[in-house]
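The values are calculated or read from the model by the stated rules, or taken from the named source; none is laboratory data. Quick caveat, the model's predicted, so the values are computed rather than measured. With ideal geometry, Cβ positions are generated from the backbone for all residues, glycine too; neighbour counts draw on all protein chains shown. These area figures cover heavy atoms from the full protein model, side chains too; ligands, DNA and RNA do not enter into them. Shrake-Rupley method; radii C 1.70, N 1.55, O 1.52, S 1.80 Å.
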Amino acid sequence: KQWYQRRVRAVVEGVKPRLLPKHILLECTPWYALKYTVDIHSLPKKALLKYLAECCEEQKEGDVLQYLASKEGSSDLNELIYSRGLSLLELLTIFPSCHPGLGGLLQFLPRLNPRYYSVSRITQQGLKFVFNLITNTRHPATPPLPGVCSSWLNSLLPGATLYTYRRKNDSFIPHLPGRMILIGAGTGVSPFLGFLDAASTSDHVTLITGNRYRALDSLYEREFREHLSSGKLSVWHRAFSRDEVREEGGESWRYVQDVIRGSPGPELVKEITENVASVFVCGDAKGLAAGVWEALIEGLELHTGRSREESEWYLKEMRTVKRYCENIWS
């Protein structure tokens with residue numbers, strides 16, 4: 001049999017099977033182990049780099065990997081590998097004389113963890129969520145790589161079985177009846193569809209969404225417009241980072257934080273401070289969440305006369321009492 005058709009137990013040369021992590025199935029094929037049990041797209045830890053250095057036929061390549069795994073090479077490791085998101089696949093292309101064994105890879109690669117998606121709607125027919133199809137070009141010498149989970153989801157045919165499990169987020173549930181400000185960008189708007197399903201016309205809900213192009217990726221536009229017409233959604237502000245199309249009031253916003261800094265700012269601050277609205281933020285931690293937090297601090301300073309320290313303390317108190325809730329990822 002070809003090596004990839006044999007069992008892992010038979011081909012982990014140099015590594016005792018009992019020393020392998022518990023998530024490695026010894027009776028599965030190497031193909032299955034590499035595809036479903038370890039994350040070959042993850043950033044390489046120093047232990048893996050040291051192992052790869054030992055597997056290089058060319059001394060210079062091994063020395064470079066050893067240096068990157070050393071304490072002295074930490075700065076270059078961050079700049080050359082981590083900041084560019086390079087994984088094992090790119091390293092094997094950059095260092096062609098490196099021929100690691102299966103046992104070593106299974107020993108040092110991290111477990112393939114589940115990918116989390118925000119549920120947008122739950123009905124009698126099932127649950128609904130959305131995902132983006134992305135392709136990453138991490139190094140000129142390697143081909144573009146699709147997203148690990150999103151590309152697999154996209155390959156499924158209608159009727160295919162998808163195994164999921166629920167991870168509870170008790171802090172990110174709609175505060176109803178009541179007043180809410182919902183802020184999301186891209187697929188981060190998806191959970192707010194369920195929020196609006198649960199709302200009533202007596203609630204006051206402000207929605208701020210961000211997308212790239214109005215014509216191409218205005219996610220759930222039809223559903224949000226229906227909620228706007230029904231009265232469940234009170235106000236809807238939209239930002240488009242790649243468009244120059246102006247909104248009805250003559251303003252255009254690139255990002256959701258620009259909405260907070262724009263003409264809706266005073267009303268949003270009033271909603272938070274006087275009408276005790278809860279704020280929900282969903283999306284990217286580094287860009288969206290940090291940007292919204294900073295914009296709200298500035299808004300509280302500008303429209304309430306608070307100092308920056310007082311404004312930041314106010315938001316932190318909101319977070320403590322779960323009036324400021326986040327569902328974010330990096």
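Looking only at residues of the range 194-243 that are charged (D, E, K, R) and either in contact (Cβ under 8 Å) with a residue 60 or more places away in the chain or in a helix (DSSP H, G or I) (or both), we find that the one that is nearest to Val276 (Cα to Cα) is Asp197. Residues of the range 304-327 that are assigned to a helix (DSSP H, G or I) and either open to solvent by 80 Å² or more (accessible area, probe 1.4 Å) or closer than 16 Å to Leu182 by Cβ (or both): Arg308, Glu309, Glu310, Trp313, Lys316, Met318, Arg319, Thr320. Please tell me if Ser330 is under 24 Å from Gly186 (Cβ atoms) and surrounded by fewer than 17 Cβ atoms within 10 Å (Cβ to Cβ). Considered against the rule, which asks whether it is under 24 Å from Gly186 (Cβ atoms) and surrounded by fewer than 17 Cβ atoms within 10 Å (Cβ to Cβ), Ser330 comes out as yes.
Go through Ser311, Ser307, Ser241 for me and flag whichever is touching a Phe, Trp or Tyr at 6+ places or on another chain (Cβ under 7 Å), more than 30 Å from Ser202 (Cβ to Cβ) and hydroxyl-bearing (Ser, Thr, Tyr).
After applying the criteria, what remains is Ser241.
Look at the range 54-67: where a residue is among the hydroxyl-bearing types (Ser, Thr, Tyr) and a partner is assigned to a helix (DSSP H, G or I) and surrounded by 12 or more Cβ atoms within 10 Å (Cβ to Cβ), sitting 6+ places away or on another chain with Cβ atoms under 9 Å, you get Tyr67/Ala53; Tyr67/Asp76; Tyr67/Leu77. For first residues located in the range 85-108 and farther than 15 Å from Val64 by Cβ, partners that are open to solvent by 10 Å² or more (accessible area, probe 1.4 Å) and assigned to a helix (DSSP H, G or I) and lie 6+ apart or on another chain with Cβ distances below 6 Å form the pairs Leu102/Val11; Gly104/Tyr51; Phe108/Ala47; Phe108/Tyr51. In summary, Leu300 fulfils each of the numbered conditions (1) open to solvent by 40 Å² or more (accessible area, probe 1.4 Å); (2) touching a Ser or Thr at 6+ places or on another chain (Cβ under 7 Å) with the single exception of condition (1).
Scanning the range 264-288 for residues that are surrounded by 22 or more Cβ atoms within 10 Å (Cβ to Cβ), in a helix (DSSP H, G or I) and under 23 Å from the mean Cα position of the chain (by Cα) yields a total of 1. Here the condition is being exposed (fewer than 13 other Cβ atoms within 10 Å of the Cβ), modelled with pLDDT under 85 and closer than 22 Å to Ala239 by Cβ; of Asn154, Asn132, it holds for Asn132 alone. Cβ-Cβ contacts under 8 Å between residues 6 or more apart (or on different chains), taken from a first residue in the range 153-172 that is farther than 18 Å from Arg115 by Cα to a second residue that is basic (Lys, Arg) and part of a loop (DSSP other than H, G, I, E, B), are listed as Ser171/Lys322.
Every residue, every condition in (1) at pLDDT 85 or above; (2) assigned to a loop (DSSP other than H, G, I, E, B); (3) more than 30 Å from Ser171 (Cβ to Cβ); (4) open to solvent by less than 30 Å² (accessible area, probe 1.4 Å), yes or no:
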| site | (1), (2), (3), (4) |
| --- | --- |
| Leu43 | yes, yes, no, no |
| Ala47 | yes, no, yes, no |
| Leu77 | yes, no, yes, yes |
| Leu91 | yes, no, yes, yes |
| Leu127 | no, no, no, no |
